[in-house]
Each structure stands twice: as structure tokens, then as C-alpha cells.
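This report refers to the structure that appears directly beneath it.
FYI, it's all coordinate maths here, none of it is from the lab. Bear in mind that the values here come from a model prediction, so they are computed numbers and not experimental data. Neighbour counts run over all protein chains shown; Cβ positions are idealised from the backbone, glycine included.
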Amino acid sequence: MSHVALIIPGFARIGGAERQVILLATGLRQRGWRVSVVALSGSGGDAAAELIAAGIPFLSLGMRKGLADPRGWMRFHRWLRRESPDVVHAHLPHAVWLARWSRLAAPVRVLVDTLHTSSTGTLGRRLGYRLSGWFPDRVTAVSRAVAEAYLLARMATVGKLVVLPNGVDLEAWRPDASIREAMRRELGLEDEFLWFAAGRLDPVKDYPTLLWAMVEVPEPARLVIAGGGPCAGELRRLSAELGLDRRVRFLGFEPDVRRWMQAADGFVLSSRWEGLPMALLEAAACALPAVATDVPGTREVIVQGVTGYLAVAGSAIALQGAMTRMMRTPAEERKAMGERARQFVLERFGLEAVLDRWEDLYADLLKRNPRPARRGHAK
């Protein structure tokens with residue numbers, strides 16, 4: 001039984017990358033792989049409990065000063081030597097750099113890392129990827145847009161980079177008429193059009209533009225926003241200043257967004273940039289038509305006019321226009337749009353097919369690397 005170790009900064013916040021790690025870990029475990037998850041810091045919270053319940057060991061390195069904590073490096077090196085995972089698969093920059101540079105001290109057979117966002121970040125991040133680019137056996141990107149951004153920034157090379165998308169569990173995420181009816185009854189909704197948005201309240205998600213768009217979105221329309229983050233207070237104040245208190249509801253962190261997607265009439269995403277937005281995939285799996293900003297990542301999920309509508313990023317007028325167009329689309333056509341969105345995701349991002357691709361990639365790299373090596377080289 002081959003052993004894969006998934007490395008991640010932590011589970012203090014659960015975003016698309018964190019959810020994908022959990023799905024990959026549990027999916028591989030069910031397929032007979034030995035799986036471990038290692039976090040750089042934090043206790044892991046509910047995510048760690050979920051992993052442990054699925055028979056997946058969870059280890060926190062307890063790093064308190066980020067990558068500057070030498071004790072965390074030593075703990076990781078000892079763990080690598082003791083457990084000898086066949087595949088080390090890192091997600092997000094700090095975990096990637098820990099895994100890459102650790103190959104000098106603790107040899108592994110296969111090292112893979114995954115790029116989750118089309119934002120290439122600061123000069124320091126770009127240099128970090130360039131200087132350590134010779135360590136991994138393969139670098140994967142969750143979308144073509146992410147791959148192109150990193151190639152353009154010289155943070156990855158064509159010979160090592162492959163696009164391998166996020167996966168969504170179509171059995172777990174699906175429309176449910178009974179939940180929709182119960183939720184809308186609980187919310188006191190009748191003919192109101194319910195928009196739903198989910199994601200961390202962070203500048204990249206550009207919720208101010210969404211709130212300004214809601215000012216001109218016609219009645220009857222309501223917006224529910226699920227997520228916590230540093231912009232929460234600012235966004236609540238803006239909503240009040242715009243007179244949206246009656247029409248916009250902030251849920252804060254919501255562990256079960258699925259029922260909200262099943263209750264909503266449309267999903268809306270106002271991001272400035274994305275990698276491959278999990279919330280958009282999950283909304284589509286729930287047959288929920290969407291409006292999203294026309295940025296790299298979202299273009300790979302929404303087919304304009306077929307599964308949803310795209311709007312110019314940063315423009316409240318454009319976003320309001322797309323939302324109004326969706327609301328004025330006949331109910332039967334919106335339903336067909338949602339069904340097409342679910343079929344689109346099923347064909348391209350179904351979890352089982354994505355897990356097949358990960359297994360094939362791991363197997364190919366393990367075949368190429370029969371023994372642990374201290375450093376990577378181009379394949």
C-alpha cells in the first residue's frame with residue numbers, strides 16, 4: 001500500500017484549497033491508499049477530527065513563527081524519515097517551500113505540489129518558487145489560468161507543469177427540492193429571488209462591488225453572504241450605509257453552505273481573481289445558475305449564457321446588469337441553465353474522475369522514481 005502525505009499550512013480557515021485536501025485525502029483513503037495529512041500550524045479543528053474519523057492520521061508541526069521556526073523543520077524531517085511516505089504532495093506556498101527544501105535533508109521518492117490561485121503574489125513569493133523549482137517531480141495547477149500565470153511569471157516550467165483541476169463530489173452536492181422548500185419557508189421567502197454568495201470576507205472577493213450592485217438589483221431580491229474574514233465589519237457597515245439591511249444578510253462562517261445553495265435561485269461571485277473556485281463548482285453541482293466576474297478561473301466553470309452569466313470584474317454596473325438579466329430569465333430557462341451547469345461540472349470536475357487522474361499521476365511518478373532522492377530533477 002503506497003503512502004501519500006498531504007502537506008498544508010493549516011485549517012484555521014477552510015477555503016477551496018483546504019476543502020480539496022480533505023476531499024483528496026478521504027477519496028484516496030477509500031481507494032486503499034495510506035494517507036497522512038501534515039499541517040504546519042494549528043490544531044486542525046473540525047477538519048482534523050473529520051480526517052481522523054476517516055482513518056487518516058493528522059499531524060501539526062506546531063510552527064509558531066511560520067517558516068522561520070526551526071523546530072517545525074526538524075519535526076517534519078524526523079517525521080519524513082520515520083514514516084517514509086512514497087509521495088509528498090504540498091498545497092499553498094509555505095507548505096510547498098517546506099516540502100521542497102526539506103528534500104535536501106530527508107529524501108523522498110516523489111514530490112508534487114499544487115498551485116491553487118492565478119495570483120502570483122509578491123516578489124518574495126515569485127523568487128521562492130523560482131529558487132526551489134528544481135525540487136518537485138511535478139507541479140500541478142488547478143486550472144489553465146493558474147498554469148498560464150505561473151508560466152508567465154517564470155514560477156513553473158512547461159516540462160514539469162500539468163493542469164489537474166479541483167474535483168467536486170456530485171453525490172454530496174446536488175439539488176434537493178425538499179430542503180429548498182423548508183429553507184425558504186423558514187426564511188419567510190415567497191416570490192423573492194434569493195442570491196447566495198460564499199467565500200472568505202477578504203479583499204480578493206470584492207464584496208463591496210457586490211453590495212453596490214445590490215443597490216440597483218430590482219426587487220424582489222435578497223442576498224445571503226456566507227463567510228468570515230478581516231473585512232466583515234467594514235462590509236456590514238457599508239451594507240447599512242447603502243440601506244441594504246433588509247435585503248442583505250451576513251451569516252458569518254457557515255459550516256453547511258450546501259443547504260443555502262439548494263435554497264437559492266442564483267449564485268453570485270464577485271472576485272477580482274480566482275484559481276478554480278470551489279464554491280462555483282459546488283453551486284453548479286447543486287444545479288444553481290451563477291453570475292460571476294469574468295476573471296481567470298471562473299471562465300473555466302461558466303459558459304456564458306449557457307450555464308450562467310459573466311460580468312466585468314470591479315464593475316458594480318456590469319455585475320448588477322448580469323444579476324438583473326438572470327432574474328428576468330424565465331424560471332424554466334434558469335432551471336435548464338442550472339441543469340446544464342451540473343452536467344458541465346459532472347463531465348469536467350467530477351471527484352471520481354479527478355481522483356483517477358491523481359492516482360495515475362502518482363503511479364507514473366512512482367514508477368519513474370523507484371528510490372527516494374534528496375533533490376528533484378526534470379522529467
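Quick rundown of the values:
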| read-out | value |
| --- | --- |
| Mean Cα-pair separation over length for the chain, i.e. relative contact order, pairs under 8 Å, 6 or more apart, % | 17 |
| Overall Cα dimensions of the range 239-379 - principal axes, largest extent first, Å | 63, 35, 29 |
| Helical mean residue ellipticity (222 nm; -39500 (n - 2.57) per DSSP H run of 4+; nearest 500) of the chain | -13000 deg cm²/dmol |
| Cβ-based exposure ranking for 101, 195, in which fewest neighbours within 10 Å come first | 101, 195 |
| Residue 105-residue 368 FRET efficiency (beta carbon distance; Förster radius 30 Å; 0.05 resolution) | 0.85 |
| Cut-off under 5 Å, modelled amide H: who pairs with residue 67 long-range | none |
| Rh by Kirkwood over Cα pairs, then Stokes-Einstein D for the chain at 0.890 mPa s and 25 °C, µm²/s | 114 |
| Between the range 178-214 and the range 121-155, the alpha-carbon center distance in angstrom | 35 |
| Leading residue at positive end of dipole, the range 1-157 (Cβ point charges), from 73, 116, 156 | 73 |
| For 207, 129, order by how many other beta-carbon atoms lie within 10 Å, fewest first | 129, 207 |
| Packing-based order for 67-74, 294-301, 23-30, using average beta carbon neighbours within 10 Å, highest first | 294-301, 23-30, 67-74 |
| Per-selection Kirkwood Rh - the range 182-286 (Cα, Å, 1 d.p.) | 14.0 |
| Long-range amide H partners of residue 269 with built H, under 5 Å | 291, 292, 293 |
| For the range 1-137, alpha-carbon Rg over 2.2 N^0.38 Å | 0.98 |
| Residue order, fewest to most beta carbons within 10 Å, for 309, 150 | 150, 309 |
